[in-house]
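The values are calculated or read from the model by the stated rules, or taken from the named source; none is laboratory data. Because the structure is predicted, anything quoted here is derived from the model rather than measured. Ideal geometry is used to build each Cβ from the backbone, glycine not excepted, and the neighbour counts take in all protein chains shown. In case anyone asks, the SASA skips ligands and DNA or RNA and just uses the protein heavy atoms, side chains included. Shrake-Rupley method; radii C 1.70, N 1.55, O 1.52, S 1.80 Å.
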Amino acid sequence: MIDPKASEDEKLRQARKLFVEAIDHVEHSRGEMHRASRFYHNTKGEGQWEWEDLEALRDQGRPAFSFNIAAAKIRTWIGQYQDGKRKPTVMPKGGEDRLLAEVIERVCDSIYADEDVDATDEDVLEMGIVRGLKFWHPNVVPDPEDPGLIQIEVSSVDPMEVAWDPNARRADLSDGRHFFWSKWLSKGEFQSEYPEHADEWDELEEGGADESGLVSGGWGEVGDLGRNEDEYDDIREDTRLFDKNRHKIRVIHCEYLVPVKRKFVVNPENGISEKVDDEQLDLMREMGLLDGIDVTETWGDEVYTLEFIGPKLLWASTADNPYQPYDGFSLVPFVCFFDDETRTAYGMFRNLFDPQMEFNKARSVTLQHIADQPKPGLIVESDAVEDPDVFDDQLHTSGETAFVKAGAVSGGKIMPLPLPQVSPAAIERSQNGIDMLNLISNIETEVGNPAAAQEAATTHLLRYHRSRMGQRPIIAHFERGQREVKQRIVETVLRVMPDRQIEMILGNDDEWVVRDGMAYQLDQNPETGETVPVQQVPLRGLRDMRYDITLETTSDNQTLNMIEHQSLVALHGAGVPVPPELLAEGATTSRAKRDQLRKYAKDTSEAQQRQSAEMQQAQMDQIRGVLTVEHAKTQEQQRHNMSTEQLDALKALSDEQIEMLKVWEKADESEKQTMLEMAKLIESRQARRETTY
């Protein structure tokens, strides 16, 4: 641990000791990073071969073929991520902070565009996957053109320049207590960046040594740096502080955490705890502002910085960087994978070295086997030609006619040599290498491959999702770093960036207008068509904004859309009803063509709906006509039936009356009287019955 209150010599001694420990810890992982980088780029066309194998091939006069499938898979992996990547976005914690979040997001978008942070992200992702480790470096400096403003920079840092705390055990290195960042500077660069130490260069160059022996023996050798030099036979760049051949000096930047006691008081206006120092507390007590307010003390870490060359401490901070309003180191790491055993990072190539080399060797052996096969030729019996030499010249001369003896051809005395055959074992060995690369990398590269065109779309979809599942841990590590970078930029804007600079970034356009410290959100009046302010927010409110950093998808995943479109096409071909709009949506990536197809599908669908409605109406009209005719027939039949029944009833009544008349004519007077009384009685009962109903 470095004591920030120690003397310069003691700080330098402590820093050099930690530097040696950090360099020793990353020595092996740096070798693997270097090998992975050569492997990925196939440096000089030989980056995927071991030195011993290259020597053996050269002794045999054979070339070293490299078929860089692993790099193609890595690039496919990156393309799959970029196809549906997510963007860190400011999300307000309270509804009243929504407008403030929109303001800060607009400012961040401007910073990201100016610094081309997307390109930095791509570099960090690619090299982090290959080497296993890469760093973002968000930095805040005064604007060189206007010292009253600040400039936020975001760059990437090569992991070969950084040595992290060997005691860090978390996969994201967040529990590290220090790190070292080395830079090699020329004489001009060193004297320009450290003018107060310009004379140090000449003294070191002339003297070449100091009392500690740090640069003993001259610029090109390793100093003891607190360890036994006899244990090291070679000169390693990792521990060199001066390079005589390149005429450069190594400046080492160190950041380390120091535990400090922090004090907080609650602001009575907003109820938020605010950090204060001892000087502020004394002033508040004198003014009577601490009456009834409790002071809370907690322990935390503050970042201190120092820089040194071999024998000299160049600079050391005594407090936090005023331009760094966030906690933590200035470097944000992206760790692809973390080896818990060695506590070092490694990339995807660790597991791809062997299958890629095996494939290179197998394919090289196959090509060599083909080259060693006899060339196509003829088998000729000695008595089939007059002169073998003349026949051979004629055979190998373009357009020449070769003469043979009669019956030589028909008699089978001249036959072609069998074509060379490649060993099935060699072909199988090459295919096994590809299969192992596919299995170990778990990266789906078969989408769009003609060899896989016969597979069902659902099979493509399942393999794609399996590939994405294998990528999730890496994506989670990368997005964690992206969120950390975004949070540091937001904190810098909220705590350090002047209001004037925020107003300059927001500017005045169709969406926002800034005036007198207020940001006005604009919208179009639907009645008048004029652009008018609809909401406003004070820029000073940014300082107290509460927020989170969330991830939002920035673009559709075209690969996934294509696979899903294939599934829809297959369903449509099987007779399953699929809306035409869905088929048109995934048929092309061109927006113009997609809009055209969408319009065509919509027009076709509407035409089909109109045609279907017309057919249904025609069928209803036909059914209605049939029902009308049947109803008329029924009514006519009912009328016919009713007439027949009435005629039958009248006929029956008439017959009854004739019979009664015959009885009446035969009856005597007393019988006629009785019959009249009975008729009156029946008539009276019938009248009462009708009255009741």
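Entry note, region 1-157: relative contact order of 16 percent, from Cα contacts under 8 Å with a spacing of 6+ residues.
Working ranking of peptides 134-146, 334-346 by packing, defined as the average number of other Cβ atoms within 10 Å per residue, highest first, is 334-346, 134-146. Site pair residue 118 and residue 44 shows an inter-label distance of 3.8 nm when each label is modelled 7 Å from Cα along Cα→Cβ.
Maximal additional length on extending the residue 280-residue 160 stretch stands at 38.9 nm, based on 0.36 nm per residue less the C-alpha distance. Between residue 87 and 552, 553, 554, the built amide H atoms are under 5 Å apart, and every one of these is 5 or more places off in sequence or on another chain.
Put a plus charge on the Cβ of each Lys and Arg, a minus charge on the Cβ of each Asp and Glu, and nothing anywhere else: the dipole of region 1-87 about its Cα centre is then about 680 debye. Ordering of 304-312, 9-17 by packing is 304-312, 9-17, highest average first (other Cβ atoms within 10 Å, averaged per residue).
Here each label is just a point 7 Å from Cα along the line to Cβ, and for residue 263 and residue 392 those points are 10.4 nm apart.
The modelled label-to-label distance for the pair residue 8/residue 358, using points 7 Å beyond Cα in the direction of Cβ, is 5.9 nm.
One quarter of the convex hull surface built on the alpha carbon atoms of region 2-105 amounts to 14.5 nm², the projected area averaged over directions. Shown in residue order for region 328-343 are the 3J(HN,Hα) couplings computed by the Karplus curve 6.51 cos²θ - 1.76 cosθ + 1.60 at θ = phi - 60°: x, 6, 6, 9, 10, x, 10, 9, 5, 9, 10, 8, 5, 6, 9, 6 Hz (x for Gly and Pro). For region 1-146, with all protein chains in place and a probe radius of 1.4 Å, 49% of the accessible heavy-atom surface sits on carbon or sulfur. The simple Förster model, with R0 at 56 Å and r as the Cβ-Cβ distance, assigns residue 109 and residue 428 a FRET efficiency of 0.55. Multiplying the residue separation of residue 403 and residue 550 by 0.36 nm and subtracting their alpha-carbon distance yields 44.5 nm.
Our estimate of slack between residue 297 and residue 415, defined as 0.36 nm per intervening residue step minus the Cα-Cα distance, is 32.6 nm. Near residue 35: Cβ cut-off under 12 Å, other residues only, Lys/Arg at +1 and Asp/Glu at -1. The net charge is +2.
Note on residue 612 and residue 570: with the Förster distance fixed at 25 Å, the Cβ-Cβ geometry gives a FRET efficiency of about 0.50.
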